[in-house]
Amino acid sequence: MQADLFADDHRIALGPHACVLRGLALPWAEAILQALADIEAGAPPRQMITPGGFTMSAAITNCGALGWTTDRQGYRYRPDDPQNGQAWPPLPALFSRLAADAAARAGFDGFRPDACLINHYAPGARMSLHQDSNEQDFTAPIVSVSLGLPAVFLFGGLRRDDRTARVLLQHGDIAVWGGADRLRFHGVLPLADGRHPLVGRQRINLTLRQAGHQVK
Ligand code: SIN
Ligand code: FE2
């Protein structure tokens with residue numbers, strides 16, 4: 001997926017090791033949505049409870065060897081879906097290829113995700129500021145694919161109260177953050193209502209991560 005017409009001016013820097021790759025996922029959007037339909041037939045998106053007892057507004061599910069979950073006991077990755085005790089559906093090759101390509105374009109060669117968190121946002125749903133810090137190894141970047149309705153992404157600093165930049169993430173955009181930017185706080189403002197021609201009245205975000213230890 002390297003060496004194509006994806007122009008440099010489609011890369012928006014968010015930090016020394018963070019950027020948005022505008023539209024990089026666009027050619028794959030329909031294939032991704034098809035793969036999601038299969039994944040979600042076995043592992044339907046659901047609203048999980050935070051350790052503090054709040055219901056997340058986004059409905060989430062996972063594919064890959066590990067899946068991110070939350071309940072009253074805490075945030076953690078698990079190899080099985082707590083709803084049915086089955087392994088999460090496998091990570092489609094398309095997802096890992098696209099994530100490795102995006103990571104490489106952002107300066108991270110050899111990215112091999114083992115976890116893909118799938119977030120569904122209905123109008124009004126949001127994601128409050130947080131760090132991605134439940135992974136074993138922070139040397140691998142985070143690769144985040146946006147589909148459907150546009151959302152305002154907040155990209156803060158290493159402390160919760162650092163000021164946040166606002167970036168509109170649109171259908172087909174991929175954000176990557178790693179290295180010095182790996183633990184920056186980030187979140188999503190409440191989704192504005194609308195209807196996307198392909199995805200309908202929602203935004204879908206795929207967050208690809210290396211959650212476990214890298215297998216050499
Ligand atoms: C997340 O941080 O898990 C989601 C970010 C997004 O939806 O863009
Ligand atoms: Fe996150």
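The values are calculated or read from the model by the stated rules, or taken from the named source; none is laboratory data. No experiment lies behind these values; they were computed from the predicted model shown. Positions of Cβ are generated from backbone atoms using ideal geometry, with glycine treated the same way; all protein chains shown enter the neighbour counts. These area figures cover heavy atoms from the full protein model, side chains too; ligands, DNA and RNA do not enter into them. Shrake-Rupley method; radii C 1.70, N 1.55, O 1.52, S 1.80 Å.
Quick notes on this structure:
- Projected-area average for the stretch 113-157 over all orientations - Cα convex hull basis, square nanometres: 4.0
- The trypsin sites (Lys or Arg not before Pro) of the stretch 43-95 that meet both conditions, a loop assignment by DSSP and at most 15 other Cβ atoms within 10 Å of the site Cβ, are ARG72.
- Rolling a 1.4 Å probe over the protein heavy atoms gives the chain an accessible area of 47 Å² per residue.
- Three-way shape call for the stretch 13-209 based on the alpha-carbon gyration tensor, with the a/c threshold at 1.5: rounded
- Compared with the alpha-carbon gap, the fully stretched path from THR55 to ARG126 is longer by 24.4 nm at 0.36 nm per residue.
- Gyration tensor analysis over the Cα atoms of the stretch 48-106 returns equivalent ellipsoid semi-axes of 26, 15, 9 Å (largest first, whole Å).
- Estimated at 0.36 nm per residue, the fully extended path between HIS213 and GLN73 surpasses their Cα-Cα distance by 48.1 nm.
- Accessible area of the stretch 13-209 belonging to carbon and sulfur atoms, whole % at 1.4 Å probe: 53
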